[in-house]
Ligand SMILES: [Zn+2]
C-alpha cells in the first residue's frame, strides 16, 4: 500500500504521495554503467543490490491552491514490473486530499509513469480522475509526444491524454509559468524535450520538485550518469548540472518522485564531493 509524507516549506505544504514502486538492476536502469561503477554507491542500493525506484507524485498546497505534480503510473496494465498495485487516488484520500479537491495537475513531462491517473477506467471508457483541475502541459512537450503515432501510443494518448483535452481541462503553457506566487515552473529539458521542474519559494524557504531531471540519489554525485530513458542525454546532463548547482547554492530541499520514498533531501559535500543527504 502506498505511503504519504507531509512537510512544510515556509507556508506551503508539500506531500509526497506514493503510487507504486519497482526494483531493477542499476546497470539496466543506467545502461551505460557497469557493475563496478556502483562499488562506491552500494549504500544507495537495496539489500539485493537493486535500484528501488519509487513511483510517486507530489502535492503542493500554496496560497490555497492544491497542486498535484504528476499523476503516477495509473491503474492500467503496464510493462513496468511493479512491486505493488498503483494506488495513488486512495493514498491521496488517506493524506486528506480527495482527487476532486485538486485544483491544478502540473506535469513535469508526459511519460506514462507521470500521467497514468489522469483518467480512471470506467468499463473501457477513460474518465478524468481530477475533473476540477486545470491540467498544465508544456506546449513543447505536447508537440513532441503527438508528433508521431508511435510516440502517441507510447504516451497512452487515447487513455490518458486525449480524454483530458476533450473534457476541456488542459492549459498549454511555455517555459517558466507560475502556478501560484510561490510555485514556479523551471525548464529542465533533456529527459524529454519539454521537461520541467518546479521551484517552491515560501517565507525564505525553498524546495525543488525535480520531476525526472534526476531519477536516483547517485546522480547528486555522478551527475553525468543518464538513465536509458533520457531522450537527449547531452541536454539532460546539462539541465541536471545546472539544477543541482542551483539547489546546492540555495541549500534548497530536493523533492523527488523516483528517489527512495519519500525522496526528500539536500545536496551536501563529503570530502569535496557532492552527495545526497536525506532529510
Ligand atoms: Zn518517471
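The values are calculated or read from the model by the stated rules, or taken from the named source; none is laboratory data. None of the values given here were measured: they were computed from a predicted structure. Using ideal geometry, Cβ is built from the backbone for each residue, glycine included, and neighbour counts are taken over all protein chains shown.
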Open item on the list: Which residue is nearest to the chain's Cα centre (by Cα), if the candidates are limited to region 200-217 and must be within 16 Å of the ligand (Cβ to nearest atom) and more than 23 Å from residue 105 (Cα to Cα)?
Closed with: 216
Open item on the list: Among the residues that make up region 3-11, is at least one of them more than 26 Å from residue 183 (Cα to Cα), touching a helix residue (DSSP H, G or I) at 6+ places or on another chain (Cβ under 6 Å) and assigned to a strand (DSSP E or B)?
Closed with: no
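How many residues are buried (at least 17 other Cβ atoms within 10 Å of the Cβ) and not in a loop (DSSP other than H, G, I, E, B) if we restrict to region 236-279?
Filtering region 236-279 for residues buried (at least 17 other Cβ atoms within 10 Å of the Cβ) gives 236-237, 239-240, 243-244, 247, 252-267, 274-276.
Those still in the list that are not in a loop (DSSP other than H, G, I, E, B) too: 236-237, 239-240, 243-244, 247, 253-255, 264-267, 274-276.
The number of residues fulfilling the criteria is 17.
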Open item on the list: For residue 231, only one of the following conditions fails: (1) crowded, with 19+ Cβ neighbours inside 10 Å; (2) within 16 Å of the ligand (Cβ to nearest atom). What is its number?
Closed with: (1)
Task: Pair list, Cβ under 6 Å, 6 or more apart: region 93-117 residue in contact (Cβ under 8 Å) with a residue 40 or more places away in the chain, other residue within 10 Å of the ligand (Cβ to nearest atom) and part of a strand (DSSP E or B) - done: 113/55
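Does residue 83 qualify as being more than 23 Å from residue 179 (Cα to Cα), within 16 Å of the ligand (Cβ to nearest atom) and surrounded by fewer than 24 Cβ atoms within 10 Å (Cβ to Cβ)?
Working: more than 23 Å from residue 179 (Cα to Cα): yes; within 16 Å of the ligand (Cβ to nearest atom): yes; surrounded by fewer than 24 Cβ atoms within 10 Å (Cβ to Cβ): yes.
So residue 83 fits the description; yes.
Output the residues belonging to region 153-173 that are without any contact (Cβ under 8 Å) to a residue 24 or more places away in the chain and at negative phi. First the steps, then the outcome.
Filtering region 153-173 for residues without any contact (Cβ under 8 Å) to a residue 24 or more places away in the chain gives 153, 157, 162, 165-166, 168.
153, 157, 162, 165, 166, listed by residue number.
Can you confirm whether residue 154 is more than 17 Å from the chain's Cα centre (by Cα), within 16 Å of the ligand (Cβ to nearest atom) and at pLDDT 95 or above? Write out each step before concluding.
Working: more than 17 Å from the chain's Cα centre (by Cα): yes; within 16 Å of the ligand (Cβ to nearest atom): yes; at pLDDT 95 or above: yes.
Against the criterion (more than 17 Å from the chain's Cα centre (by Cα), within 16 Å of the ligand (Cβ to nearest atom) and at pLDDT 95 or above), residue 154 qualifies.
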